[in-house]
Amino acid sequence: RLILGIESSCDETAAAVVKNGRVVLSNVISSQIDLHTLYGGVVPEIASRKHIEKINQVIEEALKQAGVTLDDLDGIGVTYGPGLVGALLVGVAEAKAIAYARRLPLIGVHHIEGHVSANYIEHPDLEPPFMCEIISGGHTHLVIVKDYGSFEILGRTRDDAAGEAFDKVARAIGLGYPGGPKIDKLSREGNPTAIAFPRAHVEEAPYDFSFSGLKSAVLNYLNKCHMTQEAICEADVAASFQQAVVDVLVDTAIRGARDYHMTKLAIAGGVASNQSLRKAMAEACEREKIEFYYPSPVFCTDNAAMIGTAAYYEFLKGTRHGLDLNAVPNLKLGER
Ligand code: ATP
Ligand code: MG
Ligand code: FE
């Protein structure tokens, strides 16, 4: 089965051809990061306009690299939420047009289900059930993946998402957008124990997260240094902040896996590409005898291969959307 995946929920225009849900024949991503860097974040109006400009080219390239034509496809999978409404609409309209013209099944995919599914791509042995920590720019969830596309949410962030915290702290220390990869890199030159930042846990909700206190602690530290004219070592701030996030992410995921007797743990979303997190989680899983799964960096951040994979499993379950499929900017995980 060949599925064309399309993704345009934020600032990546992406298309991919995926075979039987696990084999990526092509994975084309046109990133708008340079455009948005000018403004220090994603500007929705610019994002939609750029998606319109790029989408046909990206799809053509994905088909070409896979060595297939639209006639070879068995279905079209497209992200229809959550995300920026104007950005989502570009992918959804395009997918509907192709599905209509070629009489192909149309499968709307939840973007976060896509992030989780990225783990299937390089791990032919990974099958539900497993524990998954979803750590992206807009989401932080600890879930049990009960079956393909079926989730039990154990915990979520009460305020900022993990990626959002990286982006905000990066901006505060002058690293610019997007902050995650920049903090990851700078941290390698810093001391993760230089500054004692808080590790927050939410009382009565053992699997929930909270990152806004940590973000404030970093901002307060920077302000205090400015007031007292104390020199700031950005690498130490980055490394100490990152260590605090990593400690919380590892602790919560491992505790969840242990409590629910899960023998497999996966991570998903942009923050899952963080080197320090991958290393710490791998060590913890080794200690706990838990099988640890994580996607290659290119499948952690937004891409269409993960959407093609998620769409394939939805296809097998019989999920089909009509040509009235609409973008749902605040689509919740587990909703249709
Ligand atoms: P969502 O998927 O929740 O809708 P999104 O699509 O914007 O949000 P992703 O593409 O999954 O998010 O990931 C982007 C986020 O991941 C950004 O916040 C970015 O800073 C963060 N990120 C990317 N690489 C790294 C890294 N190496 N270390 C830490 N964070 C990272
Ligand atoms: Mg992005
Ligand atoms: Fe994403």
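Bear in mind that the values in this text are calculations on the coordinates, not laboratory data. Bear in mind that the values here come from a model prediction, so they are computed numbers and not experimental data. Methodologically, a virtual Cβ is constructed for each residue, glycine included, from the backbone with ideal geometry; neighbour enumeration extends over all protein chains shown.
Here are the numbers for this structure:
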item: Criterion: within 21 Å of Gly180 (Cα to Cα), touching a strand residue (DSSP E or B) at 6+ places or on another chain (Cβ under 8 Å), surrounded by fewer than 21 Cβ atoms within 10 Å (Cβ to Cβ) and aliphatic (A, V, I, L, M) - qualifying residue of Ile33, Ile29; result: Ile29
item: Residue count, region 185-225 (criterion: over 16 Å from Asp236 (Cβ atoms), hydrophobic (A, V, I, L, M, F, W, C) and in a loop (DSSP other than H, G, I, E, B)); result: 4
item: Single residue of region 205-241 satisfying the filter (over 20 Å from Thr193 (Cβ atoms) and aromatic (Phe, Trp, Tyr)) that is surrounded by the fewest Cβ atoms within 10 Å (Cβ to Cβ); result: Tyr207
item: Qualifying position, being more than 26 Å from Glu122 (Cβ to Cβ) and basic (Lys, Arg), among Lys264, Lys224; result: Lys224
item: Any hit, region 54-66, residues being out of contact with any helix residue (DSSP H, G or I) (no Cβ under 6 Å at 6 or more places or on another chain) and either within 16 Å of ligand 3 (Cβ to nearest atom) or at positive phi (or both); result: no
item: Identity of the residue in region 292-320, crowded, with 24+ Cβ neighbours inside 10 Å and under 19 Å from Gly334 (Cβ atoms), that ends up farthest from ligand 1 (Cβ to nearest atom); result: Tyr312
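Residues checked against (1) out of contact with any Phe, Trp or Tyr (no Cβ under 6 Å at 6 or more places or on another chain); (2) free of Cβ contacts under 8 Å to residues at least 24 places away in the same chain; (3) of a type in the set (Gly, Ala, Ser); (4) more than 30 Å from Gly91 (Cβ to Cβ):
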{"residue": "Ala257", "(1), (2), (3), (4)": "yes, no, yes, yes"}
{"residue": "Ser276", "(1), (2), (3), (4)": "yes, no, yes, yes"}
{"residue": "Lys279", "(1), (2), (3), (4)": "yes, yes, no, yes"}
{"residue": "Asp302", "(1), (2), (3), (4)": "yes, no, no, no"}
